[in-house]
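Participant: My questions all concern the structure below.
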Amino acid sequence: MNEITVRAHTNIALIKYWGKANVPLNIPTTSSLSMTLDRFYTTTSVAFADQDQLVLNGQTADATRVHNFLDMLRAKHGDFPAVLVTSTNHVPTAAGLASSASSFAALTGAMFRLLELSEDLTEMSRIARRGSGSASRSLFGNFAVWNKGENDASSYTESFYDEDIQLSMLVAEISSAQKKMPSTRGMQLAQTAPTYRSWVEKSARQLEEMKAAIRQADIEKIGLLAEDNALGMHEQNRSCAEPFDYFTEDTRRIIAFAQKCYKSGLLAFVTIDAGPNVKIITDKATEKILLEKFRANFPEITFDVAHAGGGLEY
Ligand code: 2P0
């Protein structure tokens, strides 16, 4: 039986996706820019079967989201038989790294090969986007930009800068607790914040500044922009119609410590996604000293280190 196996890596947005202009199509309110991580990935195998099924980390799992994704693919690229999807996440669940990005990117890559579709990354990114917005960015290694667009055709992701720029990310594993607010709902609420429109406008300016900073490999500029963009995103959550907050006491302690390190002359900036966990942005020259400082100050927290890399691997 023909079985296709693909690996896709997680990504962290330096300019965030936090809002939908169109929910069923996953058209975002902002363009986003991410770094794909070398360390963490999902491996997915697909083969034709009797019914759409999902085996996740060795156990049969609810296949609703996968089934809906396959039906969307059937509607767009022609009918095909049921599929058995076998997926394993090599992502620390406690680190708040979204496995939906690497999962739907790997599934997209695997399905395109199983169906012998033309492996055009632009079209693949449109398909991956429908599974999970951030998955469109995990098709690419290093740095990718998801252009928000205004419809299915124009909302796609492309490689932005496919080289290592000495950026390091320390990933703090603060909490493995189930997140309280799913991202889709969180985004919809954030969009009711009085300052949401101005965050979106600022984000468009920051995207251009971020692109320039990456081209110049200016880690300090990258870190300052990423931190401001992420903290701004979380401000929307706190000031929306039904306020909520992903931060915990540990989140705030780590942010404060990173800011103290920066004031003392070290490159240390934070970015935070839809959970309490913090990723600390630094460069390869600083990563070891920063890691020692964080481990000494937060002995109860596990820190991993990741660099840019990834992209689909068959
Ligand atoms: C991002 N996040 O840009 C943002 C920042 C979390 C915070 O993309 O609803 O799982 O499946 O499109 O991609 C997480 O949301 O959301 C996310 P859906 P997704 O990485």
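Laboratory data are not the source of any read-out in this text; all were calculated from the coordinates shown. Predicted model only: the values in this text are computed from it and were never measured. As a convention, Cβ positions derive from the backbone with ideal geometry for all residues, glycine included, and neighbour counts pool all protein chains shown.
Participant: Angle between the Cα long axis of helix 99-114 and the longest principal axis of the chain, 0 to 90 degrees, nearest 10?
Facilitator: The angle comes out at about 30 degrees.
Participant: Once both axes come from the Cα atoms, what is the angle between helix 121-131 and the longest principal axis of the chain, in degrees from 0 to 90, rounded to 10?
Facilitator: 80 degrees
Participant: Using the crude model of +1 on Lys and Arg Cβ and -1 on Asp and Glu Cβ, and no other charge, please compute the dipole size for region 4-161 relative to its Cα centre, in debye to 20. Present the calculation step by step, with values, prior to reporting the outcome.
Facilitator: Numbers: 13 positive and 13 negative charges, 99 e Å.
Value, rounded to 20: 480 debye.
Participant: Would you mind getting me the FRET efficiency between Glu3 and Thr184? Use the beta-carbon distance for r and R0 = 35 Å, nearest 0.05. It would help to have the intermediate numbers written out before the result.
Facilitator: Details: r = 32 Å, r/R0 = 0.90.
Calculated value: 0.65.
Participant: Using a simple spin-label model with points 7 Å from Cα along the Cα→Cβ vector, what separation in nm is obtained for Arg205 and Asn151?
Facilitator: 3.2 nm
Participant: Take region 167-307, drop everything but the C-alpha atoms, weight them equally and run the Debye formula without solvent; then report log10 I(q)/I(0) at 0.16, 0.17 Å⁻¹ to two decimals.
Facilitator: Here the Debye-derived log intensity ratios amount to -0.88, -0.98.
Participant: Can you give me the P(r) profile for the chain? Cα pairs, bins 20 angstrom wide beginning at 0, each as a whole percent.
Facilitator: Histogram of Cα-Cα distances, whole percents per bin: 34, 58, 8, 0.
Participant: Go from 0 up to the bin containing the longest alpha carbon distance in region 4-161, width 10 Å each, and give me the % of pairs per bin.
Facilitator: For region 4-161, the binned pair fractions read 12, 44, 35, 9, 0 percent.
Participant: By average Cβ neighbour count within 10 Å, what is the ranking of 2-14, 225-237, 195-207 from highest down? Mind showing how you got there, number by number?
Facilitator: On the way: 2-14: 22.9, 225-237: 21.4, 195-207: 16.5.
Listed from highest to lowest mean packing, they are 2-14, 225-237, 195-207.
Participant: If the chain between Asp79 and Ser198 were fully stretched, how many nm would it gain, using 0.36 nm times the residue separation less the Cα-Cα distance? Let's see the in-between values first.
Facilitator: Working: separation 119, 0.36 × 119 = 42.84 nm, distance 4.31 nm.
Result: 38.5 nm gained on full extension.
Participant: Write down the percent of antiparallel bridges among all DSSP beta bridges whose residues are both part of region 4-161, to the nearest 5. Kindly include the intermediate steps, with their values, before the conclusion.
Facilitator: Working: 32 of 36 bridges.
Given both bridge residues lie in region 4-161, the antiparallel proportion sits at roughly 90 percent.
Participant: At 7 Å along the Cα-to-beta-carbon direction for both Lys221 and His90, put a label point, then send me their distance in nm to one decimal.
Facilitator: The modelled label-to-label distance comes out at 3.5 nm.
Participant: Follow-up. Quick one: of Lys20/Lys263; Lys20/Lys288; Lys202/Lys263; Lys148/Lys211; Lys20/Lys260; Lys263/Lys284, which pairs are farther than 27 Å apart, Cα to Cα? Walk me through the intermediate numbers first.
Facilitator: Working: Lys20/Lys263 36 Å; Lys20/Lys288 38 Å; Lys202/Lys263 25 Å; Lys148/Lys211 15 Å; Lys20/Lys260 35 Å; Lys263/Lys284 19 Å.
Table pairs above 27 Å Cα-Cα are Lys20/Lys263; Lys20/Lys288; Lys20/Lys260.
Participant: Between Phe48 and Lys263, take the C-beta separation as r, use R0 = 45 Å, and let me know the FRET efficiency to the nearest 0.05. Don't jump to the answer; show the numbers that get you there.
Facilitator: Numbers: r = 58 Å, r/R0 = 1.29.
The calculated FRET efficiency here is 0.20.
Participant: For a protection proxy built on the mean count of beta-carbon atoms within 10 angstrom, sort 37-44, 286-293 highest first, please.
Facilitator: Values: 37-44: 23.0, 286-293: 16.0.
Averaged packing, sorted descending, gives the order 37-44, 286-293.
Participant: Give me the angle, in degrees from 0 to 90, between the Cα long axis of helix 196-215 and the longest principal axis of the Cα atoms of the chain, rounded to the nearest 10.
Facilitator: Its long axis makes an angle of about 90 degrees.
Participant: Once you keep just the Cα pairs under 8 angstrom separated by 6 or more residues, what percentage relative contact order results for region 1-81?
Facilitator: Numbers: 98 pairs, mean separation 23.0, N = 81.
Once divided by the residue count of region 1-81, the mean separation gives 28 percent.
Participant: Which value, in debye to the nearest 20, gives the size of the charge dipole of the chain about its Cα centre, when Lys and Arg are +1 and Asp and Glu are -1 at the Cβ?
Facilitator: Values: 32 positive and 37 negative charges, 162 e Å.
Dipole about the Cα centre, nearest 20: 780 debye.
Participant: Starting from region 131-168, pick out the GluC sites (Glu not before Pro) whose DSSP state is loop and whose Cβ has at most 16 other Cβ atoms within 10 Å.
Facilitator: Numbers: sites: Glu150, Glu158, Glu163; in loops: Glu150, Glu163.
Listed in order of number, the matching sites are Glu150, Glu163.
Participant: Just the projected area, averaged over all directions, of the convex hull on the alpha carbon atoms of region 13-69: how many nm²? Can you show the working numbers first?
Facilitator: Numbers: hull surface 23.3 nm².
The number I arrive at for region 13-69 is 5.8 nm².
Participant: Now, a different point. Gain in length, Glu300 to Asp245, computed as 0.36 nm per residue apart minus the alpha-carbon separation, to one decimal in nm?
Facilitator: Taking 0.36 nm per residue and subtracting the Cα distance, the gain is 17.5 nm.
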